[in-house]
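Read through the structure below, which is laid out as C-alpha cells, and then see the notes.
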Amino acid sequence: MNQVLIHQILISCSFVLGFSGQALAGSHETTRVHAGYEKGFFVQDEDGDFRLGIGTRVQSRFTYKGVGGIDAGGADESQFSIPRARLIITGHAFDPNLTFKFQTDYGKGFLSLKDFFVNYALSSGVQLRVGQWKRPFSRQQINSSGKLALVDRSITNNQFRAERDIGIGFHNNYEKSPVFEWAVGIFNGVSVKPSVSGSVSTDPGTGEGSITTGRLSNVPDQLSPLVVARVGYNYGGIKGYSEGDFQGGGFRFSVGASVMADLQLFDDSSSGTYAQLDYVVKVYGFSTTGGVYVSTLQDGEGLADQSLSKTGFHIQAGYLIGKRYQPVLRFAKIMPEAGEDTQEIAAGLSMYFFKHNVKWQTDFALLQTGEADADQVVRSQLQFYF
C-alpha cells in the first residue's frame, strides 16, 4: 500500500510539473523562473502568466472512544490514524484570471480526489468555476479542515449534505470573505466520496471478498440536479472561513445563509430541501461561530410536497491567549422528526506553534443519542501544513 501511495504521489507531481514546464516552454523561448514560498512553495515565470504552487497537509491523530459510558462494559476503541494527508496544487495558466486547484488525499489508507476545478474571473465581481469542490453550503464545511479550532467539525456537518460535488457555479470569490459574498451552482447531487456499487463474492476458505461486477458510483447515470445558493455579509475585514482570531483587533463579524434544492427530476418521489444560517464573530482574541440547519423530504407527488425531516444546530466559542493557546467549547444537537436526538458536548485546547500551519490539538467530547449513556471520545492531533 505504501508503495502504491508513493507511486501515485509521484505521478500527480510529475503530471502537473510536466504540464507547467511544457506551458512555459511553449510560451517563451527563454524565460526567468521565480521561486519562493507564499502559503506554499511556488514557481512562476517572469511575466506572471504561469504560476504553480505546491503545498501539503498531514494530520496525525490518536483517538480513544469509550462506548456507552465508562462502566457500561462496551467495546472501547483506540487507535492512531492519519485522517488527512493532502497534496495541494494551485496556480494559474496562460492568464492570471484563469486559476486551478488540484487536491488529493492519501489519508485513511486510500487515495481520493478532493478538489479539481478551473476558475475564471469574468470580471472583478463575477467568477465562473467548473469541476469538483465543496458545495457553497454551510460555513463549517466551506471552512478548511486545517483551520478548525477543535480537532474536527461538529456532528451537524455530515447530517445536512454539506459535501463536495461535481458541477458548475458562479460566485464573487466568496471564500475570501468580500463585504458581500454570494455563490450559486448546480451539481450532480451525489457525494464524491469513493464508493463502489456491484455484487461481491466471498471465498469460503479465506473469508476474503472481491467485487465481481460493479463500477464507481460517485457519478450518477442521470443528472439529478442539486441547486445550491449562498449569500453573506462580512464586516470589519474579518476572515470568515478560519476559526480563531489570529488577526486580533476590534469587533468583526460575518453572517451567511445557504439553501439547497434536490430536484430529483428523474425520480419524482425523493426530492428534498436544505437550509441553514451561520455566523462568526471575532474580537480581541475571542471568537465564536455557529449555525442552525433544517431539511425537508418530499412526502407527496409534487416537488412542493415537503415535510420537515430534521433540524440541528451547533455553537462554539474560544479565546486565543498570546496567539499560542486556545481553549474551546462546543455544543451541537441534531433533532430528527423520526428517531432520537443526538447531542455533542466538547471541550478542547489548541496549541499553535505557527498558527494553523503547525498546531497540536486535544479535545474531549460526550456523544449521546436519546436516553442512552453517552460515549466518551478523546482525540489528540498534530497538524503540519505548508
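General remarks:
- The number of residues in the range 327-374 being closer than 18 Å to L150 by Cα and touching a strand residue (DSSP E or B) at 6+ places or on another chain (Cβ under 7 Å) comes to 30.
- Check on T104, within 25 Å of F42 (Cα to Cα) and in contact (Cβ under 8 Å) with a residue 24 or more places away in the chain: yes
- Residue within the range 192-215 that is farther than 13 Å from R135 by Cα, in contact with a strand residue (DSSP E or B) (Cβ under 8 Å, 6 or more places away or on another chain), at pLDDT 90 or above and of a type in the set (A, V, I, L, M) present: no
- Selection of the range 270-286 for residues being more than 18 Å from the chain's Cα centre (by Cα), of a type in the set (V, I, T) and more than 29 Å from Q298 (Cα to Cα) yields V281, V283.
- Residue satisfying all of: in the range 119-139; part of a strand (DSSP E or B) and polar (S, T, N, Q); modelled with the lowest pLDDT among these: Q132
- Qualifying residue in the range 124-138 (condition: over 28 Å from N357 (Cβ atoms) and free of Cβ contacts under 8 Å to residues at least 24 places away in the same chain): yes
- Answer from S307, S295, S287 - the residue that is surrounded by 18 or more Cβ atoms within 10 Å (Cβ to Cβ), in contact with an Asp or Glu (Cβ under 7 Å, 6 or more places away or on another chain), assigned by TED's automatic domain parsing to the domain that holds I238 and of a type in the set (S, T, Y): S287
- Only residues that are closer than 29 Å to S254 by Cβ, modelled with pLDDT under 95 and of a type in the set (A, V, I, L, M) were counted in the range 287-327, giving 1.
- Residues in the range 117-142 that are closer than 22 Å to I54 by Cβ and buried (at least 16 other Cβ atoms within 10 Å of the Cβ): F117, N119, R129, G131, Q132, W133, K134.
- In summary, strands (runs of 3 or more DSSP E) completely within the range 1-118 and bearing 2 or more residues that are under 28 Å from E163 (Cα atoms) and modelled with pLDDT of 95 or more occur at 51-66, 77-93, 95-105.
- Residue match in the range 157-170 (condition: more than 21 Å from V192 (Cβ to Cβ), β-branched (V, I, T) and surrounded by fewer than 18 Cβ atoms within 10 Å (Cβ to Cβ)): no
- Meets criteria (more than 29 Å from Y352 (Cβ to Cβ), at pLDDT 85 or above and surrounded by 15 or more Cβ atoms within 10 Å (Cβ to Cβ)) for T273: yes
The values are calculated or read from the model by the stated rules, or taken from the named source; none is laboratory data. Note that the structure is a prediction, hence the values are computed from the model and not measured. FYI the Cβ positions are ideal-geometry reconstructions off the backbone, even for glycines, and counts take in every protein chain you see.
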